[in-house]
Structure formats: C-alpha cells, structure tokens
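Structure, as structure tokens:
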Amino acid sequence: METSTATISVIQVTAINAGRVLALADVELVLDGVSIVIHGVQVRADAAKTEITLPNYRAPDGSWRTAITLPDEVRGPMGDAVIAAAMEIGILKEKAAAS
C-alpha cells in the first residue's frame with residue numbers, strides 16, 4: 001500500500017448556534033497536490049462530547065446521508081484541526097478537569 005502526503009487547513013469557522021450545532025467550518029484537504037475543499041463541516045457539542053460531522057444531504061427516500069466519506073487517517077486529524085480552530089476563536093472552550 002502506497003502512502004500519500006495530506007495537508008489539512010481550516011479555511012473558516014463560522015458560529016451558528018443551532019441546537020447542538022455550534023459552528024460550520026470550511027476545510028481544505030490537499031492530497032498529493034490536489035486541493036479539495038469541504039464546506040459545511042459541523043462542529044457539534046453537548047454536555048457529554050464535542051465532535052465534528054461531515055456535510056449531509058437528503059436522499060430521494062427522505063433519509064439523511066453523509067455527502068463525503070473520508071478514511072479515519074484523514075477524518076481524525078481534520079476533526080482535531082477544526083476543533084482547535086473553533087477553540088482558537090472562542091466558539092469552544094477547554095473543559096475543566098474534574099476534581
């Protein structure tokens with residue numbers, strides 16, 4: 001299996017505060033020199049966890065489906081970058097350690 005170089009850049013994070021969805025992010029992935037921009041990455045949070053979800057679309061049968069599937073080797077670091085960017089601009093705050 002060949003390996004490839006990937007670069008992940010968070011272009012923009014916009015606060016929206018719609019229930020559990022706190023923000024939307026635009027992320028650029030550069031894979032082997034090819035740039036792919038993903039718009040609408042959701043930053044979600046509740047009392048238990050903070051996560052990112054990839055953009056969704058409504059299928060003809062009415063169900064919601066993920067618009068893009070990324071391997072864990074890309075999705076994990078992309079999520080970390082989006083969460084770090086959201087923390088940097090104050091949308092998310094680091095959770096205090098339990099005493």
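Accessible surface computed residue by residue for the chain, with neighbouring protein chains in place and a 1.4 Å probe, gives 68 Å² per residue. Between residue 37 and residue 9, the modelled label-to-label distance comes to 1.1 nm, taking each label 7 Å out from Cα in the direction of the beta carbon. Kirkwood analysis of the Cα pair distances in the stretch 1-43 returns a hydrodynamic radius of 11.5 Å. Note on residue 17 and residue 72: with the Förster distance fixed at 22 Å, the Cβ-Cβ geometry gives a FRET efficiency of about 0.15.
Divide the volume of the convex hull around the Cα atoms of the chain by the residue count and you get 146 Å³ per residue.
Helical content alone sets the calculated 222 nm signal of the chain at -6000 deg cm²/dmol, taking -39,500 (n - 2.57) per DSSP H segment of four or more residues and averaging over every residue. Solvent-accessible area assigned to carbon and sulfur over the chain amounts to 53 percent, based on a 1.4 Å probe. Remark: spin-label model distance residue 89-residue 28 equals 1.5 nm, labels positioned 7 Å along the Cα→Cβ axis.
The values are calculated or read from the model by the stated rules, or taken from the named source; none is laboratory data. Keep in mind the model is a prediction, meaning the values are calculated, not measured. As a convention, Cβ positions derive from the backbone with ideal geometry for all residues, glycine included, and neighbour counts pool all protein chains shown. Ligands, DNA and RNA are stripped out before the accessible areas are found, and what is left, the full protein with its side chains, is counted by its heavy atoms. Shrake-Rupley method; radii C 1.70, N 1.55, O 1.52, S 1.80 Å.
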